[in-house]
Amino acid sequence: MKKIIIVFLFLFNLQSWTKADNISDFQIEGISVNDSALNFLTETFIKSEINTNGWYKDNKYFEITYPLENSIYEDISLTFKPNDKKYIIHQISGGIFYPNNIKNCFKKNN
């Protein structure tokens, strides 16, 4: 019984090491969650991408993807709620593609 209690105490102490202070501290190309996409993209571009890019299955969010130049990422994907006129970013991801070259992908990952 003592061993189980010690294991649980140890696991609970590890949790504090993995917490971030604020999600806004994480950025891709200067863009962060909770930013308005209007600071980086035009509303016309966002609206044009709404119809051509991915909607989530429940239609609560949609995602747009656009290419980047002179960046470590080849493209960035941003996720929004459909009725948000400020286009607040709820998810961001960057993509680097290695078609038919998984070894270079692993090198970059390391």
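The numbers here are math on the coordinates, done by the rules we state, and not lab data. What you see is a predicted model, and the numbers here were worked out from it, not measured in a lab.
Remarks
- Per the Debye calculation on the range 21-109 with a single equal scatterer at every Cα and no solvent contribution, log₁₀ I(q)/I(0) for q = 0.12, 0.14, 0.19, 0.21 Å⁻¹ amounts to -0.41, -0.55, -0.92, -1.05.
- For the pair Phe45 and Asn70, the difference between a 0.36 nm per residue extended length and the Cα-Cα distance amounts to 7.0 nm.
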